[in-house]
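Just below is one structure, and these are the notes that go with it.
The values are calculated or read from the model by the stated rules, or taken from the named source; none is laboratory data. Here the structure is a predicted model, which is why all the values come from computation and not from measurement. All Cβ positions, even for glycine, are placed from backbone atoms using ideal geometry, and neighbour counts span all protein chains on display. Please note that ligands, DNA and RNA were not included when accessible areas were found on the heavy atoms of the full protein model with its side chains. Shrake-Rupley method; radii C 1.70, N 1.55, O 1.52, S 1.80 Å.
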Amino acid sequence: MRCSPKKLNFACRTQYSTVPKRLFAARTTPVTPPAAAFAFDIDGVLTQGSNALPQAKRVLNYLSGHNPWNVNFPFVLITNGGGKPERDRCTELSKLLETK
């Protein structure tokens with residue numbers, strides 16, 4: 001039987017061991033994180049009234065560096081709800097969402 005690098009049957013795998021390793025190697029996490037940035041509306045997406053949604057805490061924690069790459073992803077929080085100074089809103093959201 002003649003084997004070539006293009007054949008992937010069992011008999012040829014032993015002769016061309018680099019071909020199956022390269023083709024069948026599985027990665028659970030990419031080596032580098034994807035390039036991305038995120039924008040979130042606050043009211044109804046991250047919070048409901050004065051309560052933070054559990055998923056919001058989880059995703060902001062992930063974006064803040066607690067991910068497989070230990071990389072911070074940029075994100076902004078947006079609201080159309082006025083009537084509160086930005087500094088006060090930031091302090092309140094940091095406590096509510098348990099993030100910096």
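Looking only at the range 36-60, which residues have a backbone nitrogen under 20 Å from a spot 7 Å from the Cα of R87 in the C-beta direction?
none
Of I78, I42, which has the most accessible area and how do the rest follow, probe 1.4 Å?
I78, I42
When averaged across all projection directions, what area in nm² does the alpha-carbon convex hull of the range 27-100 cover?
Computed as one quarter of the Cα hull surface, the answer is 5.4 nm².
Taking amide H atoms as placed 1.01 Å from N in the peptide plane, list the residues 5 or more away in sequence, or in a different chain, whose amide H sits under 5 Å from that of F75.
F38
So how much accessible area does V45 have, in Å² to the nearest 10, using a 1.4 Å probe?
Estimated to the nearest 10 Å², V45 gives 70 Å².
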